[in-house]
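The values are calculated or read from the model by the stated rules, or taken from the named source; none is laboratory data. It should be emphasised that the depicted structure is a prediction, and the values quoted were computed from it without experimental measurement. Neighbour counts are summed over all protein chains in view; Cβ atoms, including those assigned to glycine, are modelled from backbone coordinates with ideal geometry. To get the accessible areas, we keep the full protein, side chains included, count just its heavy atoms, and leave off ligands, DNA and RNA. Shrake-Rupley method; radii C 1.70, N 1.55, O 1.52, S 1.80 Å.
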Amino acid sequence: MPAETLGSPAQLVVNSYNGWDPLEEVIVGSVANSASPGFEPALRPYFPSPEQRTFSAARRSDAEIEAATQQLDTLARVLEGEGVIVRRPTQTDFFTEVKTPSFQVNSQNTSACPRDVLLVVGDEIIEAPMAMRSRFFEYLPYRKLVREYFRQGARWTAAPKPSMADEMYVQNFSVEDGPFDADEHPALTDLEPCFDAASFSRMGKDIFYQPDIVTNDFGAGWLARHLGPEYRLHRVRFRDPHPQHIDATMVPLRAGLVMINPERPPVGDTIAFFEENGWRVITAEPSVRGSFYSTPEVSNWISMNVFNVNEETVICEEREKPMIELFKSLGFRVIAIPFANVYHFGGSFHCCTVDIRRAGGRQSYFPALGS
């Protein structure tokens, strides 16, 4: 299109450097026409034995889609009531086959979790090079929105699309050889850069990531080089037998306050690093989910997967009373709404949103590292 029809970056239609500045615009996911994928190589750490790897792709039931849709729509209305512009992905039929020269799967997944596929850094939207074959085309439901943001001045980057060939995965991965370890027992090779956007936690100039079953160091290296010296990437690790994403493990709640999963303690000096930079490190309260609702698609720490409207307001699942009381003790205004029916689709509030625009700029929150 002619260059003069493109917007100016000064318009800041996309602007987000952290997860706590005042929210102005957000994408909320959708579960319409979702599918559940069959077994594929990226899932080996979750299903260690051959007997567990025989499940096939299926279309999600109308009942579970309707129940989750009601709760996602409630989230959208709550955010609109807070003065936030809410956008939704284009509806897509995910129960469709994907075939490339390198692989074939019988179905795709869902657009419930935009956080996994879109990484917003400043005025740029980056489409993540995801590792699951069923998620190869998951960026498509957001393309209409991304094109619109680009035309209004945002930057738009699609990370190198991985082939997802067999060689990208550790072929003999088995938990009999020990739990997942990014250095000693990884699930991905470094053949190609791979990452889910939700494996990164943005804190201004500093971005933290953990290598996990869908994110390798090659992917983080690509991102670091792409972003350049204006950003610092920090590799952190946690004791987790099959880590996937960081937003139920290490959750920044506002500048100077970070919440850690007590069952997944950091490996190394992560806590010391935060404390030396003046941050308060707190541990999350145990979830009550097991007493009312259980699903294999998420861990029992999905209660940590909360979403900030601003540095004083956080959205939390209504039944997580211990977590709600923790937030209140920290001075937060808590918006508690039902969301457990969405868990079947792989995430909670943070997973099911991606903040497009927040008021605020890039800052350094770690004085020991300089400005």
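Spot the failing condition for Phe173; the list is (1) open to solvent by 20 Å² or more (accessible area, probe 1.4 Å); (2) of a type outside the set (Ser, Thr, Tyr); (3) more than 29 Å from Arg280 (Cα to Cα); (4) over 19 Å from the mean Cα position of the chain (by Cα), and only one is missed.
Unmet condition: (1).
State all residues of the stretch 91-143 that are open to solvent by 10 Å² or more (accessible area, probe 1.4 Å) and of a type in the set (Gly, Ala, Ser); if no residue qualifies, say none.
Result: Ser102, single match.
Could you pull out every one of the helices (runs of 4 or more DSSP H) wholly within the stretch 58-161 that has 3 or more residues that are over 30 Å from Pro338 (Cβ atoms)? Give the steps one after another, and end with the answer.
Numbers: elements: 62-81, 114-117, 143-151.
By residue number, 143-151.
Here's the yes/no breakdown for (1) surrounded by fewer than 21 Cβ atoms within 10 Å (Cβ to Cβ); (2) assigned to a loop (DSSP other than H, G, I, E, B); (3) touching a Gly at 6+ places or on another chain (Cβ under 8 Å):
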site	(1), (2), (3)
Asn308	no, no, yes
Leu326	yes, no, no
Val334	yes, no, no
Arg357	no, no, no
Gly360	yes, yes, no
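So which residues in the stretch 64-90 are among the acidic types (Asp, Glu), open to solvent by less than 60 Å² (accessible area, probe 1.4 Å) and in contact (Cβ under 8 Å) with a residue 60 or more places away in the chain? I'd like the intermediate steps shown before the answer.
So the first thing to find is which residues in the stretch 64-90 are among the acidic types (Asp, Glu), and the list is 64, 66, 73, 80, 82.
Cutting the leftovers down to open to solvent by less than 60 Å² (accessible area, probe 1.4 Å) gives us 64, 73.
Within the stretch 64-90, just Glu64 meets the criteria.
Just for strands (runs of 3 or more DSSP E) wholly inside the stretch 163-277: which have at least 2 residues that are within 30 Å of Ser134 (Cα to Cα) and of a type outside the set (Phe, Trp, Tyr)? It would help to see each step written out before you state the result.
Working: elements: 200-203, 206-209, 232-235, 250-254, 257-260.
It comes to 200-203, 232-235, 250-254.
Check whether at least one residue in the stretch 7-18 is at pLDDT below 90, over 27 Å from Pro129 (Cβ atoms) and either in contact with a His (Cβ under 8 Å, 6 or more places away or on another chain) or assigned to a helix (DSSP H, G or I) (or both), and report yes or no. Before you say what the answer is, go through the steps one by one.
As a first pass, look at the stretch 7-18 and keep what is at pLDDT below 90: 7-12.
Of the ones still in play, those that are also over 27 Å from Pro129 (Cβ atoms) are 8, 10-11.
Filter once more, keeping what is either in contact with a His (Cβ under 8 Å, 6 or more places away or on another chain) or assigned to a helix (DSSP H, G or I) (or both): 10-11.
Yes, that holds for at least one residue.
Is it the case, given these coordinates, that Ser199 is surrounded by 19 or more Cβ atoms within 10 Å (Cβ to Cβ) and without any contact (Cβ under 8 Å) to a residue 60 or more places away in the chain?
Working: surrounded by 19 or more Cβ atoms within 10 Å (Cβ to Cβ): yes; without any contact (Cβ under 8 Å) to a residue 60 or more places away in the chain: yes.
In short, yes.
Quick check on the stretch 292-304. Is at least one of its residues hydrophobic (A, V, I, L, M, F, W, C), over 23 Å from Ser111 (Cβ atoms) and surrounded by 15 or more Cβ atoms within 10 Å (Cβ to Cβ)?
Taking the stretch 292-304 and keeping what is hydrophobic (A, V, I, L, M, F, W, C), we get 292, 298, 301-302, 304.
Keeping just the survivors that are over 23 Å from Ser111 (Cβ atoms) gives 292, 301.
Add one more test, that the residue is surrounded by 15 or more Cβ atoms within 10 Å (Cβ to Cβ), and what stays is 301.
Taking every residue of the stretch 292-304 in turn, at least one turns out to be hydrophobic (A, V, I, L, M, F, W, C), over 23 Å from Ser111 (Cβ atoms) and surrounded by 15 or more Cβ atoms within 10 Å (Cβ to Cβ).
Any idea which residue in the stretch 202-235 is surrounded by the most Cβ atoms within 10 Å (Cβ to Cβ), counting only those that are charged (D, E, K, R) and touching a Pro at 6+ places or on another chain (Cβ under 9 Å)? Can you show your working first?
Of all residues in the stretch 202-235, those charged (D, E, K, R) come to 202, 205-206, 212, 217, 225, 230, 232, 235.
So of that shortlist, the ones also touching a Pro at 6+ places or on another chain (Cβ under 9 Å) come out as 202, 212, 217, 235.
Numbers: Arg202: 21, Asp212: 27, Asp217: 19, Arg235: 14.
Among those that are charged (D, E, K, R) and touching a Pro at 6+ places or on another chain (Cβ under 9 Å), it is Asp212.
What number of residues within the stretch 15-63 satisfy the criterion of being open to solvent by less than 10 Å² (accessible area, probe 1.4 Å) and aliphatic (A, V, I, L, M)?
The number of residues fulfilling the criteria is 6.
Just checking, does the stretch 181-196 include any residue being closer than 30 Å to Leu23 by Cβ and open to solvent by 10 Å² or more (accessible area, probe 1.4 Å)?
Quick first cut of the stretch 181-196, residues closer than 30 Å to Leu23 by Cβ only: 193-196.
With the extra rule that they be open to solvent by 10 Å² or more (accessible area, probe 1.4 Å), the set shrinks to 193.
Yes - at least one qualifying residue is present in the stretch 181-196.
Of the residues Thr270, Thr283, which single one is within 19 Å of His245 (Cα to Cα), more than 18 Å from the chain's Cα centre (by Cα), modelled with pLDDT of 95 or more and open to solvent by 40 Å² or more (accessible area, probe 1.4 Å)? Lay out the reasoning, then the answer.
Numbers: Thr270 fails: open to solvent by 40 Å² or more (accessible area, probe 1.4 Å).
Residue meeting the stated conditions: Thr283.
Return only the number of the condition from (1) charged (D, E, K, R); (2) over 21 Å from the mean Cα position of the chain (by Cα); (3) within 18 Å of His344 (Cβ to Cβ) that Glu82 does not satisfy.
(3)
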